[in-house]
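The values are calculated or read from the model by the stated rules, or taken from the named source; none is laboratory data. Every value quoted in this text rests on a predicted model; they were computed, and no experiment measured them. Note: ideal-geometry Cβ built from the backbone for every residue, glycine included; neighbour counts use all protein chains shown. Ligands, DNA and RNA are stripped out before the accessible areas are found, and what is left, the full protein with its side chains, is counted by its heavy atoms. Shrake-Rupley method; radii C 1.70, N 1.55, O 1.52, S 1.80 Å.
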Amino acid sequence: MANSAWSDRVLQLLRRMNNFHLPGSCRASCCRFEVNGAQVGWIPPHVASLLTRYPEVFSPPRDGAVSLCHSLDSYGRRSEAVDAVLQTLRREDSLSCLKGWRDEKYSVMPKFSDPPLMWMERAATSLFGVKRYGVHINGYIVSDSGEVSMWLARRSPTKQTYPGLLDNLAAGGLAAGVGVKQTLVKECQEEACIPAAIAEKAHPVSTVSYTYEEEDGVFAEGQFVFDLELPLDFKPRIGDGEVQDFYLLPIDKVKELLATDDFKPNCAMVVLDFLMRHSFIDPDTEPCYQEFVAGLHQTLE
């Protein structure tokens with residue numbers, strides 16, 4: 001693929017994953033989602049109208065915001081009240097994202113460093129545009145001659161989202177009350193059978209942030225990125241069935257695949273970040289270098 005075509009495809013990926021920031025998105029018509037006076041998300045219009053049926057939980061839209069009722073004045077009360085509403089909506093079967101209910105609790109807070117104000121079912125987070133966090137691990141090797149190759153996973157064809165697409169070596173969402181490093185070690189063990197003694201050598205190197213809209217709502221996500229140099233003789237193995245295969249590929253091939261539809265989009269962003277940090281993409285030769293950097297680190301205010 002010619003350099004200009006490759007760059008164009010990567011720019012398309014970054015625009016897609018940040019389309020909430022673009023003119024014509026639903027952002028102008030969304031309501032801010034506020035809890036205890038702090039904004040924690042963005043609620044699309046069709047969701048805001050549904051929430052008016054539950055005045056004991058959600059206040060009517062006012063000044064562009066939907067708030068939880070002040071009577072819900074604790075982490076537990078907020079979480080339980082919102083979950084009851086979501087369980088009702090789930091039974092009505094009118095919101096497609098709730099068909100993917102996972103029984104996974106995600107923390108809701110203005111910033112990652114803030115104390116959580118409540119928890120919310122993972123499948124429902126896009127309805128409120130609350131930020132979701134995860135951990136992604138770039139697994140790679142360096143040969144005796146200095147050549148870098150990367151381990152990639154191919155997602156199981158039965159995965160609920162993006163079945164059959166290429167993925168990072170291991171990745172997973174941050175559940176409520178579980179730390180970043182703890183999640184990293186768990187996902188490495190479960191998905192790729194990487195022993196904790198090896199996984200714990202992974203280095204935190206970056207974050208990748210983006211916000212996109214789809215039919216199911218607003219997806220505001222921040223990924224904590226780790227690099228893990230693996231021993232030359234180590235081979236990941238399929239663990240919990242979320243992966244169907246692992247591939248060790250030269251970095252040029254990985255870069256080529258990045259601009260195809262074969263990659264899970266946010267995992268392609270994590271790999272792009274790796275290529276830039278390790279100087280496989282250079283500002284002297286890549287005219288879109290600054291656009292790539294900006295697209296990988298879009299924060300949502």
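Out of all the residues in the range 39-58, which are among the aromatic types (Phe, Trp, Tyr) and surrounded by fewer than 20 Cβ atoms within 10 Å (Cβ to Cβ)? Spell out the reasoning first.
Kept after step one, since they are among the aromatic types (Phe, Trp, Tyr), are these residues of the range 39-58: 42, 54, 58.
Within the range 39-58, 54 is the sole residue that qualifies.
Would it be correct to say that residue 221 is in contact with a strand residue (DSSP E or B) (Cβ under 8 Å, 6 or more places away or on another chain), of a type outside the set (A, V, I, L, M, F, W, C), touching a residue at least 40 places away in the same chain (Cβ under 8 Å) and not assigned by the TED database to the domain that holds residue 98?
On the way: in contact with a strand residue (DSSP E or B) (Cβ under 8 Å, 6 or more places away or on another chain): yes; of a type outside the set (A, V, I, L, M, F, W, C): yes; touching a residue at least 40 places away in the same chain (Cβ under 8 Å): yes; not assigned by the TED database to the domain that holds residue 98: yes.
Yes.
For residue 183, state whether it is more than 26 Å from residue 255 (Cα to Cα), modelled with pLDDT of 95 or more and either touching a Pro at 6+ places or on another chain (Cβ under 6 Å) or surrounded by 16 or more Cβ atoms within 10 Å (Cβ to Cβ) (or both). Before you say what the answer is, go through the steps one by one.
Numbers: more than 26 Å from residue 255 (Cα to Cα): yes; modelled with pLDDT of 95 or more: yes; either touching a Pro at 6+ places or on another chain (Cβ under 6 Å) or surrounded by 16 or more Cβ atoms within 10 Å (Cβ to Cβ) (or both): yes.
Yes.
Any idea how many residues of the range 137-157 are without any contact (Cβ under 8 Å) to a residue 40 or more places away in the chain and closer than 25 Å to residue 100 by Cα?
Number satisfying all stated conditions: 0.
Looking only at the range 1-29, count how many residues are open to solvent by 20 Å² or more (accessible area, probe 1.4 Å) and in a loop (DSSP other than H, G, I, E, B).
Matching residues across the range 1-29 total 6.
Please identify the pairs in which a residue from the range 121-133 that is free of Cβ contacts under 8 Å to residues at least 12 places away in the same chain and surrounded by fewer than 24 Cβ atoms within 10 Å (Cβ to Cβ) has its Cβ atom under 8 Å from the Cβ atom of a residue that is part of a strand (DSSP E or B) and of a type in the set (Gly, Ala, Ser), counting only partners at least 6 apart or on another chain.
Note: no pairs meet the criteria.
Would you mind finding the one in 153, 220, 175 that is small (Gly, Ala, Ser), within 13 Å of the chain's Cα centre (by Cα) and in a strand (DSSP E or B)? Outline the logic, then answer.
Values: 153 fails: within 13 Å of the chain's Cα centre (by Cα); 175 fails: in a strand (DSSP E or B).
Going through 153, 220, 175 in turn, just one is small (Gly, Ala, Ser), within 13 Å of the chain's Cα centre (by Cα) and in a strand (DSSP E or B): 220.
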